[in-house]
1. Where in the range 13-88 are there strands (runs of 3 or more DSSP E), lying fully within it, with 2 or more residues that are within 19 Å of Met133 (Cα to Cα) and at pLDDT 95 or above?
2. Considering only residues that are open to solvent by less than 30 Å² (accessible area, probe 1.4 Å), closer than 13 Å to Cys23 by Cβ and touching a helix residue (DSSP H, G or I) at 6+ places or on another chain (Cβ under 8 Å), which ones fall in the range 104-124?
3. Could you tell me whether Ser127 is over 18 Å from the mean Cα position of the chain (by Cα) and open to solvent by 10 Å² or more (accessible area, probe 1.4 Å)?
4. How many residues, within the range 130-145, are closer than 17 Å to Glu30 by Cα, open to solvent by less than 50 Å² (accessible area, probe 1.4 Å) and small (Gly, Ala, Ser)?
5. Can you tell me which residues in the range 1-24 are surrounded by fewer than 17 Cβ atoms within 10 Å (Cβ to Cβ), at negative phi, of a type in the set (Gly, Ala, Ser) and touching a residue at least 12 places away in the same chain (Cβ under 8 Å)?
6. Among all residue pairs at least 6 apart or on different chains, which show Cβ distances below 6 Å where the first residue, located in the range 186-198, is part of a helix (DSSP H, G or I) and the second is basic (Lys, Arg) and modelled with pLDDT under 95?
7. Hey, among Gln100, Gln94, which residue is within 25 Å of Asn46 (Cα to Cα) and either part of a helix (DSSP H, G or I) or polar (S, T, N, Q) (or both)?
Amino acid sequence: MQDGKINYQTARFLISAPRLALCPSDTGAEVAFAGRSNAGKSSAINALTQQKALARTSKTPGRTQLINFFTLANDEAYRLVDLPGYGFAKVPDQVKLEWQRHLSEYLYQREALRGLMLVMDVRHPLSEFDQMMLGWADEKAMPVHILLTKADKLKPGAAKSSLLAVRRQLAEWEDLVSVQLFSALKRQGVDEACARMDAWLCERDDA
């Protein structure tokens, strides 16, 4: 880390945990990624870290059922967290409820969490899951930065319209929620997203 910036290419896998009790020590600072299981979350993490397979991408949505931790800058005090995908996963309802409970415990109880990167497909934003995540963040006053992924799938005008529509719908949360367009394929919005994570991870505890 240098001058308040983190080199996200240094991201390395640390550990996978099925529940909060088995997560790494709740110290330091971490940014978590959440998103419906077909929103392109793994691709976004890989694009931000400039690594092809740091976060596993799968043609079977919802395959990731663990909370995955990655260290940054060779320092376990700084972490990225890949939360379980949720939504179209072809798993029993009981398993989905377990995922939801673990997500809830993590979001409410994790002291090291500084911000949430919420990944949404630009063509299908603000799903029921997204609304649920925003509700949790609102209750804890947790800042959220929304990545409207797969922006390359739309023409520029249509993508911008979707961005503005999401901002209008979240106007009441503008002090807590920010939104941007993102494309892992075109590397669109990578610098903006990294700057947001820098602001969260490098924030002084006494600021």
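1. Details: elements: 29-35, 67-72, 75-82.
Fully inside the range 13-88 and qualifying: 29-35, 75-82.
2. Tyr106, Leu107, Arg110, Leu113
3. Numbers: over 18 Å from the mean Cα position of the chain (by Cα): no; open to solvent by 10 Å² or more (accessible area, probe 1.4 Å): yes.
Considered against the rule, which asks whether it is over 18 Å from the mean Cα position of the chain (by Cα) and open to solvent by 10 Å² or more (accessible area, probe 1.4 Å), Ser127 comes out as no.
4. Going through the range 130-145 one residue at a time, the tally reaches 1.
5. Of everything in the range 1-24, just one residue is surrounded by fewer than 17 Cβ atoms within 10 Å (Cβ to Cβ), at negative phi, of a type in the set (Gly, Ala, Ser) and touching a residue at least 12 places away in the same chain (Cβ under 8 Å), namely Ser16.
6. Once the first residue is part of a helix (DSSP H, G or I) and sits in the range 186-198, its partners that are basic (Lys, Arg) and modelled with pLDDT under 95 give Asp198/Lys5.
7. On the way: Gln94 fails: within 25 Å of Asn46 (Cα to Cα).
Of Gln100, Gln94, the one residue that is within 25 Å of Asn46 (Cα to Cα) and either part of a helix (DSSP H, G or I) or polar (S, T, N, Q) (or both) is Gln100.
The values are calculated or read from the model by the stated rules, or taken from the named source; none is laboratory data. Here the structure is a predicted model, which is why all the values come from computation and not from measurement. Quick reminder, even Gly has a Cβ in these numbers, built from the backbone with ideal geometry, and neighbours come from all protein chains shown. Ligands, DNA and RNA are stripped out before the accessible areas are found, and what is left, the full protein with its side chains, is counted by its heavy atoms. Shrake-Rupley method; radii C 1.70, N 1.55, O 1.52, S 1.80 Å.
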